[in-house]
Every structure is written in C-alpha cells, then in structure tokens.
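Notes to accompany the following structure.
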Amino acid sequence: MKLKNKPIKNILVTGGAGFIGSALIKKLLDETSFEIFNLDKITYSSDLSRINSLFDNKPKKKERYKFIQADISNDELTQKTISYANPDIIVHLAAESHVDRSIDSPKEFVNTNVVGTFNLLRASTSFWESLPEERKRNFGFYHISTDEVFGSLGKEGMFSEQSRYEPRSPYAASKASSDHLAKAWYHTYGLPVIISNCSNNYGPWQFPEKLIPLVIIKALRGEYIPLYGDGSNIRDWLFIDDHIEALIKILEIGEYGHTYCIGGNNEKTNKEVVNNICNLLNEYKPTNYSYHDLIKNVTDRPGHDQRYAIDSTKIRKELGWLPKINFNDGLKKTVLWYLENLNWAESLLIKSGYEGERLGLNK
Ligand code: NAD
Ligand code: TDX
C-alpha cells in the first residue's frame, strides 16, 4: 500500500462507527501503522462492535485506535476533537444516510450533513492553517459522498464527474449541499479537499434498513419483503471492500480539488436483487416455503429515483482502481455473512429501536 509511505501519523475518520467508516478503519488498522481517531455521534445505525471485532484476534491494534463520541453539528466539540486528534488527514463519512428517513425527518439530515459538514470544514481549515509548513503541505480533507446528488437517470446514460447536480430527496439535497460546501472551501480558503461520489454499497455489517440486509432479515423472519413500486428501479451495486479499496487509492494518489465517481458497473433492478437474495436463501437456508412467496409490491417511495449508474472511467484510468468483486459473489458472501451473524443484526435492530417497519411514506 503506497499510503504507508505517506508522511501521515494521525488520521481522523468521522462516522467510523457506521457501515463504511468502520470498514475503512479496520483496513487502516490492518495495513498501516497510523493512529486512527474515530469521531462518531453514535446514532441508531452505528455500532462499535464492527471495529471492536477486529481486536478479538489482534488486541495490539487497539493501541493505535481512539474513539471520541461527538456530534459534528456541535461546533465547539468538533473543533476540540480536531485539536485533540491532531490529524494529517481527515476522512469525512459521518452522515445521516438513509433516504426513507430523510423523507420522515429531514431536519436531522440538514443538521448533520449540511451544518455538521460546515462545522467540520471550518474547524479543519483553522487547524490546517495553524500547522507548520511541511505538515500543512501534506494535509488532506476527504469528503465521502454519493451518486444520489446527480438525481435520477432514465434508460440511457451514466453519472460522471461532469454530471449536473440534481438531487431529488432530502438526503440527496443535504449531501449535495455538503459537496458544494467542500468545493467552496477548496476554492475560497485553499483547503486541500477531495470528493468521491459512490454508488450503492452492500456487504457484511450494513444496518438492516437498506435494501439488501433488510430483505435478508425480513425473509429469515418469514415477514413479507417490501418491493417499492413495480421493482423496476435500478441501482449500481458496489461491494463494500471495493469501495474501501477505491478510498485508499484516493487517499494515496488522488488529486486535491478533484472529484472521483466510484461505481460497480453492476446495474440491477430491485426486483432482480430481491429475487437473487431469495434464490440464495432457498439454497442455503431452505424452509417449508419459498422465500419468493414473501415478496410483495408496496406503495412506492415518494420521489423515487429511477436509475443510478456510474461511469468510473476517471478513477480507473487515473488511479488504477478496479472493482474486484462481481455482484453474484458479493451477494453470496453477504447472504452467508448475515446467516452466520443474524444475532448481530437482530440485536442492533433492538438497540436502535427500529423493527423493520416501513419508513419514508411521509405519514
Ligand atoms: P451509516 O449510517 O452506516 O453510518 C453513518 C455514521 O455516521 C454512523 O456511525 C453515525 O453514528 C455517524 N453520524 C451520524 N450523524 C453524526 C453526527 N451528527 N456527528 C457524528 N457522527 C454522526 O452510513 P454509511 O452507509 O456508512 O455511509 C457513510 C458515508 O458514505 C455517508 O456520508 C454516506 O452519505 C456515504 N455513502 C454511502 C453509500 C452507501 O451505499 N451506504 C454510498 C455512497 C456514499
Ligand atoms: O424495503 C425496501 N424496498 C425497496 O424496494 C427498501 C429499503 C428499498 N427499496 C428500494 C429503494 C431503492 O430503489 O431499493 C433501492 C435501494 O434502496 P436503499 O437501500 O434505501 O438505497 P438508496 O435509496 O438507493 O440509497 C443508498 O445508496 C446511496 C444509500 O442508502 C445511501 O446512503 C447512498 O448514498
């Protein structure tokens, strides 16, 4: 890993108790000798056991890891955390991340994704300006975003770094705002910022409110599987490990002021995804009914984006990143992981107060 050779001592990751942040922290603990600071508010979707599971077999790695419970919408706490972590790099993943929840409670999304990112950018800039020349030169702020900022595609075309911002859900609008703020801080204050916009992630340890883990849990409980609308909406699925590899490449050799679009080239309709999960469950956890019988078309999500697809030519050509895990293999790994870790998923649901009920109908 080229990252090992960068002049980095400390990395601050925000949202490190979440699905993607925890996978990044585990990779960094495993493959670098950096000190990792994890700033997280610990909302419903977070779970520190995602990271702590690593220390069961590798207790020494714990010495290089510090968790700080803080809310980025609190300006003072954000400033204090940055001073304490004294980072060479900040990777910003903390966010409210579920579209359906953004329909029901948009304010949380503005507070965290917009105000929180603003606080973090401002505090990072003051910190960066105070650094001695060499550390200042090597400092970086990495803002992790989503393809949803570009809106909804029809049958043709793909999103790329040149796509117009056209967010349609409160979640997408809040992430779009945070991207604009990050870009403004690069142009106006010179903060060395890189942004990445990624398609739908899936894999082990994802909170079961997102399509793939929710369907697995519902099916295993024998509850109906909700397919929004006619199930024809398309997402471009990327296995979590491939996203982490892309983020590492960007940290290693990405260029400040640039944006990178990351996608799996794995376009699937929701109907296909749900059917594939049922096929896998029929094979690996057979029961006295077919899981397909549980699938039910339900009222569509308001403002449901029809199709996402990412053209990741830039990151492939310029940074040499390629996704390695095809959708069939990634989905099988994921289903088998949830079969083995059902207790983790069910206890996280109990802890979070979410029982798998329908969200996002604005009722
Ligand atoms: P997640 O919901 O699993 O994790 C988000 C984490 O942020 C949680 O640990 C939560 O406690 C923390 N957090 C929330 N509000 C906070 C606040 N105010 N202060 C500090 N911490 C706070 O989400 P995820 O799927 O891991 O997504 C991480 C990032 O990646 C987000 O920025 C999301 O927009 C982006 N992203 C996600 C996907 C995806 O498919 N999951 C795709 C592209 C981009
Ligand atoms: O029960 C469901 N039934 C269903 O048909 C759920 C939860 C979802 N869906 C549909 C809606 C979407 O078309 O499945 C698709 C995927 O839904 P989500 O898992 O909610 O993801 P999406 O809305 O596409 O957003 C995701 O991708 C981009 C993440 O939640 C974001 O954090 C990320 O930025």
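Of Phe127, Phe159, all but one fail to be hydrophobic (A, V, I, L, M, F, W, C), within 28 Å of Asn266 (Cα to Cα), touching a helix residue (DSSP H, G or I) at 6+ places or on another chain (Cβ under 8 Å) and more than 11 Å from ligand 2 (Cβ to nearest atom); the exception is Phe159.
Taken together, Glu134, Glu148 contain a single residue that is in a helix (DSSP H, G or I), exposed (fewer than 15 other Cβ atoms within 10 Å of the Cβ) and either within 11 Å of ligand 2 (Cβ to nearest atom) or in contact (Cβ under 8 Å) with a residue 60 or more places away in the chain (or both), which is Glu134.
Scanning region 256-284 for residues that are in a loop (DSSP other than H, G, I, E, B) and open to solvent by less than 20 Å² (accessible area, probe 1.4 Å) yields Gly263, Gly264.
Somewhere in region 286-309, is a residue more than 16 Å from ligand 2 (Cβ to nearest atom), among the hydrophobic types (A, V, I, L, M, F, W, C), in contact (Cβ under 8 Å) with a residue 60 or more places away in the chain and open to solvent by less than 50 Å² (accessible area, probe 1.4 Å)? There is no residue in region 286-309 that is more than 16 Å from ligand 2 (Cβ to nearest atom), among the hydrophobic types (A, V, I, L, M, F, W, C), in contact (Cβ under 8 Å) with a residue 60 or more places away in the chain and open to solvent by less than 50 Å² (accessible area, probe 1.4 Å). Pairs linking a residue in region 75-94 that is open to solvent by less than 10 Å² (accessible area, probe 1.4 Å) to a residue that is among the small types (Gly, Ala, Ser), with Cβ atoms under 7 Å and 6 or more positions apart or on different chains, are Thr78/Ala70; Thr78/Ala123; Thr81/Ala70; Ile82/Ala123; Ile82/Ser124; Ile89/Gly140; Ile90/Ser124.
Taking the conditions (1) free of Cβ contacts under 8 Å to residues at least 60 places away in the same chain; (2) open to solvent by 50 Å² or more (accessible area, probe 1.4 Å); (3) basic (Lys, Arg) in turn, Arg64 satisfies each one other than (2). Among the residues making up region 202-254, those that are near ligand 2 (Cβ under 7 Å from one of its atoms), assigned to a strand (DSSP E or B) and open to solvent by 10 Å² or more (accessible area, probe 1.4 Å) are Pro226, Tyr228, Arg235.
Set side by side, the residues Ser73, Ser45 differ, and just one is touching a Phe, Trp or Tyr at 6+ places or on another chain (Cβ under 6 Å) and near ligand 1 (Cβ under 9 Å from one of its atoms), which is Ser45.
The values are calculated or read from the model by the stated rules, or taken from the named source; none is laboratory data. All figures in this text were calculated on a predicted structure; none of them were measured in a lab. With ideal geometry, Cβ positions are generated from the backbone for all residues, glycine too; neighbour counts draw on all protein chains shown. To get the accessible areas, we keep the full protein, side chains included, count just its heavy atoms, and leave off ligands, DNA and RNA. Shrake-Rupley method; radii C 1.70, N 1.55, O 1.52, S 1.80 Å.
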